[in-house]
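A.B. asks: Dumping the structure here so I can ask a few things about it.
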Amino acid sequence: MAPASAPEADLRDYLRVVWRRKWLVGLVVVLCVAAGVGASFLEKPTYTAKADILLQSSSPAAALLGGSGASLSPTDVATQIQIVTSAPVTQAVSRQLHQPAPQVSVTEVGQTNVIEVAASSHSAATAARIANAYARAYLTFRRDQNVNASLSAASAVQAKLSSVNRQIASLTSGHGASKQAQQLAALQTEQATYQAQLNQLQADASLQNGAAELITPATAPSVPSSPNPKRTGLIGLAVGLVLGIGGVLLADTLDDRIRAKEELQGASGGLPVLGLVPALPGWRDRRKPQLASLASPHSATTEAYRQLRTSLQFLHLDHNWKLVQVTSAMVAEGKTTTASNLAVMLAEAGQRVLLVDADLRRPRANEFFGQEREHGLTSVLLGAEDLEPTLHSVKEVDGLWLLPSGPIPPNPAELLSGPRMAHLVDQLRALEFIDVVLIDSPPVLPVADAVALAARVDTTLLVTQAGRTTRKALAQTLEHLGQVDARISGLVLNAVRPKHTRGYRYRYGYGYGYRYAYTQARNGSGARPVASGRLQAGAPPLPPGT
């Protein structure tokens, strides 16, 4: 069977990962929020005071000197913001406060010519005093700058006026002529212009306000700007969600364990998952074997084994398999439990089943049925006994036989891979009174026994356990089985949790609609029991409670 391509992860897969570990996300969020709010209450309050300054266009002195008298550009505003924290201003602030100038932030208010000076301190009054000190120092600096510019412009105009006065004096001292009269008139006009400019500059210098105005002085705030527990809590919530979800996705990426059907299909390259088996409720001690198919015939676990049986029976119709190996990647993944329950389900469906315990290292199949294992597989392989007399009939289940492991040999791998095992496999295939032979073999990765058997059987059923089997182990198992061209019919996922598998609650919570058919069969109404999904012609009535 060629494996299909592995499905790509989509948004629902990521959401399932987050939902599966929502407790971890919640824990991270609670810790971040608690840490933020707790730090807020422990933090000393900080107050922020703000002073607003309106910037004005350049003074008439700049225009008289050839500058532009237009409104301020964004570059002019940015330049003034830098001047607020320049060395001359901070030095003036230090002199006012009698201490090194504290740090302040200066920003533009929207798209206006207003700049905001914000100062922070643990004292509200101190914060206001610092902001106002910067505002006053800046205004003084701008006023001095503009006064100096006005005085420089006045000096330039005064020099031009003096030159014109000298020229007028030289003309008036000579003999009058028409040409000289014209020159004198022009010089007198120029004299009047310069005199007006000089008077304006002198007036500006006396009234200069520095092209800036303090429109909103800083006042002592009544509420601290920080800490803000509500804001810090919201930030902690956002940070916690990011860290929690990111951590969960990272942990899932690093966590190699398989938990759901979709993950198993993706890790196996698209091999069919024939069964999803939930844990048997009340089975606490895994060291004590328990058959769900007999102990709890109406449980979801037993129904899962019925589903597995049906899947195998439909595959059997296409391939006519008789020898089915049941193995796993590692130990304690439920292969023996699966093989034993599957054997019971097949036998109850009317098939004659032989369960062979070929795990010669940790044999347990006999414990599920209360059988001894002194005489079994190794006895036949060593030639001490014949095959058929060694088969144990299971009294509780009609049509089921068990071949125990027998005494544990010192060389299991050599025994299972040797010619005697090959001959025994031929004998098992030739048994006419047996329809299906289930061979419980050791796990693939720890020992080489299972790989040797996989090359001789008709198909292999690979058992995995949710939360235990890893993607790496599964890949290595499939690689080992592929080296001997083993035919893998499909996979079984044990210990499935409902929240990890879509459709699980519907499939196993739907009920047992065929109980009526069983009741009619027992009452002799002529209806034949349907247990495997197809009619079993001539099948014996199923045991009570199936």
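The values are calculated or read from the model by the stated rules, or taken from the named source; none is laboratory data. Computed from a predicted structure; not experimentally measured. We place every Cβ from the backbone using ideal geometry, glycine too, and count neighbours over all the protein chains shown.
A.B. asks: When only residues in the range 223-237 that are outside any loop (DSSP other than H, G, I, E, B) and not β-branched (Val, Ile, Thr) count, which is farthest from the chain's Cα centre (by Cα)?
C.D. replies: Of everything passing the filter in the range 223-237, Ser226 is farthest from the chain's Cα centre (by Cα).
A.B. asks: So if I check each of Gly269, Gly240, Gly247, which one is surrounded by fewer than 18 Cβ atoms within 10 Å (Cβ to Cβ) and assigned to a helix (DSSP H, G or I)?
C.D. replies: On the way: Gly269 fails: assigned to a helix (DSSP H, G or I); Gly240 fails: surrounded by fewer than 18 Cβ atoms within 10 Å (Cβ to Cβ).
Of the residues listed, the single one that is surrounded by fewer than 18 Cβ atoms within 10 Å (Cβ to Cβ) and assigned to a helix (DSSP H, G or I) is Gly247.
A.B. asks: Determine which member of the set Leu264, Leu274, Leu214, Leu241 is modelled with pLDDT of 90 or more, under 30 Å from Ala124 (Cβ atoms) and of a type in the set (A, V, I, L, M, F, W, C). Even if it seems obvious, please write down each step before you answer.
C.D. replies: Numbers: Leu264 fails: under 30 Å from Ala124 (Cβ atoms); Leu274 fails: under 30 Å from Ala124 (Cβ atoms); Leu241 fails: under 30 Å from Ala124 (Cβ atoms).
Going through Leu264, Leu274, Leu214, Leu241 in turn, the sole match is Leu214.
A.B. asks: Something else now. Residue under question is Gly26, and the condition is that it be loosely packed, with under 15 Cβ neighbours inside 10 Å, in a helix (DSSP H, G or I) and either hydroxyl-bearing (Ser, Thr, Tyr) or at pLDDT 65 or above (or both); does it hold? Give the steps one after another, and end with the answer.
C.D. replies: Details: loosely packed, with under 15 Cβ neighbours inside 10 Å: yes; in a helix (DSSP H, G or I): yes; either hydroxyl-bearing (Ser, Thr, Tyr) or at pLDDT 65 or above (or both): yes.
Yes; evaluated as a whole, the condition is true for this residue.
A.B. asks: Scan the range 421-431 residue by residue and report those that are surrounded by 14 or more Cβ atoms within 10 Å (Cβ to Cβ) and of a type outside the set (A, V, I, L, M, F, W, C).
C.D. replies: Of everything in the range 421-431, just one residue is surrounded by 14 or more Cβ atoms within 10 Å (Cβ to Cβ) and of a type outside the set (A, V, I, L, M, F, W, C), namely Arg429.
A.B. asks: Just to be sure I understand, how many residues within the range 354-369 are in contact with an Asp or Glu (Cβ under 9 Å, 6 or more places away or on another chain) and within 22 Å of His298 (Cα to Cα)?
C.D. replies: So the answer is 1.
A.B. asks: Filter the range 378-409 for residues that are touching a helix residue (DSSP H, G or I) at 6+ places or on another chain (Cβ under 8 Å) and assigned to a helix (DSSP H, G or I) and give the result.
C.D. replies: Thr378, Ser379, Val380, Leu381, Leu387, Thr390, listed by residue number.
A.B. asks: Return the residues of the range 231-249 that are closer than 12 Å to Val17 by Cα and β-branched (Val, Ile, Thr); say none if nothing qualifies.
C.D. replies: Ile245, Val248
A.B. asks: Against the conditions (1) surrounded by 19 or more Cβ atoms within 10 Å (Cβ to Cβ); (2) modelled with pLDDT under 90, where does Leu65 fall short? Just the number, please.
C.D. replies: (1)
A.B. asks: Please go through the range 317-368 and give me each residue that is part of a loop (DSSP other than H, G, I, E, B), out of contact with any strand residue (DSSP E or B) (no Cβ under 6 Å at 6 or more places or on another chain) and buried (at least 22 other Cβ atoms within 10 Å of the Cβ), ordered by number.
C.D. replies: Ala329, Ala349, Leu360
A.B. asks: Here's something else I'd like to know. Could you check, for the range 71-79, whether at least one of its residues is at pLDDT below 80, of a type in the set (A, V, I, L, M), in contact with a Leu (Cβ under 6 Å, 6 or more places away or on another chain) and in the same structural domain as Ala137 (by TED's automatic domain parsing)? Step through it out loud before you land on a result.
C.D. replies: Narrowing the range 71-79 to residues at pLDDT below 80: 71-72.
Next, from what is left, pick out any that are of a type in the set (A, V, I, L, M): 72.
Within this subset, residues satisfying the condition of being in contact with a Leu (Cβ under 6 Å, 6 or more places away or on another chain) are 72.
Filter once more, keeping what is in the same structural domain as Ala137 (by TED's automatic domain parsing): 72.
So far as the range 71-79 goes, yes, one or more of its residues are at pLDDT below 80, of a type in the set (A, V, I, L, M), in contact with a Leu (Cβ under 6 Å, 6 or more places away or on another chain) and in the same structural domain as Ala137 (by TED's automatic domain parsing).
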